[in-house]
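The values are calculated or read from the model by the stated rules, or taken from the named source; none is laboratory data. Remember, predicted model here, so these are calculated numbers, not experimental data. As a convention, Cβ positions derive from the backbone with ideal geometry for all residues, glycine included, and neighbour counts pool all protein chains shown. We work out accessible area using only protein heavy atoms, side chains counted, and drop any ligands, DNA or RNA first. Shrake-Rupley method; radii C 1.70, N 1.55, O 1.52, S 1.80 Å.
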Amino acid sequence: MRIKLDKEREKMKYLDEKLAAMEKHKDQIDANNAALNRTNMLLIEKMTKTDEQMDKAAAHAQIIRINV
């Protein structure tokens, strides 16, 4: 009976270590996802500003064509 109990304790210790490693891995994935989301938001913001600048430039070019 004691041998069985020792084996169960070893199994619990192994599973606890595995769980801790998995939680650490999950936390790292969450941190990476948060960083990627911030980067994506910044890129979307830059793309929006670029689109707005292109629209203004196109409108300005059209005005110049009309005046010529």
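The residues in region 12-27 that are within 14 Å of the chain's Cα centre (by Cα) and open to solvent by 100 Å² or more (accessible area, probe 1.4 Å) can be counted, and the count is 1.
Of Arg9, Arg65, all but one fail to be assigned to a helix (DSSP H, G or I), more than 35 Å from the chain's Cα centre (by Cα) and surrounded by 10 or more Cβ atoms within 10 Å (Cβ to Cβ); the exception is Arg9.
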